[in-house]
Amino acid sequence: MAEANWYVVHTYSGYENKVKANIEKTIENRHLEDQILEVRVPLQDVVEVKNGVSKTVQKKMFPGYVLLNMVMNDDTWYVVRNTRGVTGFVGPGSKPVPLTEAEMRPLGIQAERVAVDFEVGDVVNVIGGIWKDTVGVVQSINESKQIVTINVELFGRETPVEISFAEVQKM
């Protein structure tokens, strides 16, 4: 099965919750629970001051947009695209473009947790990112941020560098 990614769908402004409900109903009716995993309307807490009284209210982060975690194929594309209130996927032409990890981070959407098989003091090889093919010694592991700090040689001295768990492999 293909990998699920987050996609953005453009809707009529004010129809975000209706579109979410319609897509969820269609998922249930067509038994697409394993292909369209989650439908989200991102909200944020905003403090409003009216008549000198401050009140915390929830507002839509992106009015006119809905986020979908789904496996992109002809069936799921058709279901979402033909939902009432949806004007289309965000992307060039009719080709939807998935959100990157960096774009998802500010939205509070977490990728799955990566389990690691190394400890402080182990020698690891960096398999991705700007430090690819670098070898270093693990100095610390931060489970909550999913990063590891390793020492790499830079300009003739040891320098600590933070790298994502997904980009490090035990040697």
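The values are calculated or read from the model by the stated rules, or taken from the named source; none is laboratory data. Keep in mind that this is a model prediction, so the values were computed, not measured. For neighbour counting, all protein chains shown are included, and Cβ atoms are generated from backbone atoms with ideal geometry for every residue, glycine included. To get the accessible areas, we keep the full protein, side chains included, count just its heavy atoms, and leave off ligands, DNA and RNA. Shrake-Rupley method; radii C 1.70, N 1.55, O 1.52, S 1.80 Å.
Can you give me the number of residues within the range 63-76 that are of a type outside the set (Asp, Glu) and surrounded by fewer than 16 Cβ atoms within 10 Å (Cβ to Cβ)?
3
Identify the residue in the range 6-23 that is open to solvent by 80 Å² or more (accessible area, probe 1.4 Å) and not aromatic (Phe, Trp, Tyr) and, among all such residues, is nearest to Gly88 (Cα to Cα).
Per the criteria, the residue is Ser13.
With (1) at pLDDT 85 or above; (2) farther than 20 Å from Glu103 by Cβ as the list, and Leu67 as the residue in question, which single condition is left unmet?
(2)
So how many residues does the range 82-103 have that are under 19 Å from Glu3 (Cα atoms) and surrounded by 10 or more Cβ atoms within 10 Å (Cβ to Cβ)?
Applying the first criterion (under 19 Å from Glu3 (Cα atoms)) to the range 82-103 yields 89-91, 95-103.
From what is left, the residues that are surrounded by 10 or more Cβ atoms within 10 Å (Cβ to Cβ) are 89-91, 96-101, 103.
Final tally of qualifying residues: 10.
This table checks each residue for (1) within 21 Å of Leu32 (Cα to Cα); (2) free of Cβ contacts under 8 Å to residues at least 40 places away in the same chain.
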site: Lys60; (1), (2): no, no
site: Leu67; (1), (2): yes, no
site: Met72; (1), (2): yes, no
site: Arg84; (1), (2): yes, no
site: Pro98; (1), (2): yes, no
site: Arg105; (1), (2): no, yes
site: Asn125; (1), (2): no, no
site: Trp131; (1), (2): no, yes
site: Val135; (1), (2): no, yes
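Among the residues of the range 134-171, which ones are over 20 Å from the mean Cα position of the chain (by Cα), within 21 Å of Glu101 (Cβ to Cβ) and not in a strand (DSSP E or B)?
Of everything in the range 134-171, just one residue is over 20 Å from the mean Cα position of the chain (by Cα), within 21 Å of Glu101 (Cβ to Cβ) and not in a strand (DSSP E or B), namely Thr134.
Is there a residue being within 20 Å of the chain's Cα centre (by Cα), surrounded by 12 or more Cβ atoms within 10 Å (Cβ to Cβ) and at pLDDT 90 or above anywhere in the range 26-35?
For the range 26-35, residues within 20 Å of the chain's Cα centre (by Cα), surrounded by 12 or more Cβ atoms within 10 Å (Cβ to Cβ) and at pLDDT 90 or above: absent.
Would you point out the residue of the range 135-171, among those that are closer than 30 Å to Ala4 by Cα and open to solvent by less than 40 Å² (accessible area, probe 1.4 Å), that is modelled with the highest pLDDT?
So, considering only residues that are closer than 30 Å to Ala4 by Cα and open to solvent by less than 40 Å² (accessible area, probe 1.4 Å), the one modelled with the highest pLDDT is Thr149.
If you go through the range 117-133, how many residues are open to solvent by less than 90 Å² (accessible area, probe 1.4 Å) and within 25 Å of Ala102 (Cβ to Cβ)?
The qualifying residues number 8.
Considering each of Val57, Val79, Val41 in turn, give the residue that is open to solvent by less than 90 Å² (accessible area, probe 1.4 Å), in contact with a Leu (Cβ under 8 Å, 6 or more places away or on another chain) and more than 17 Å from Ala4 (Cα to Cα).
Val41
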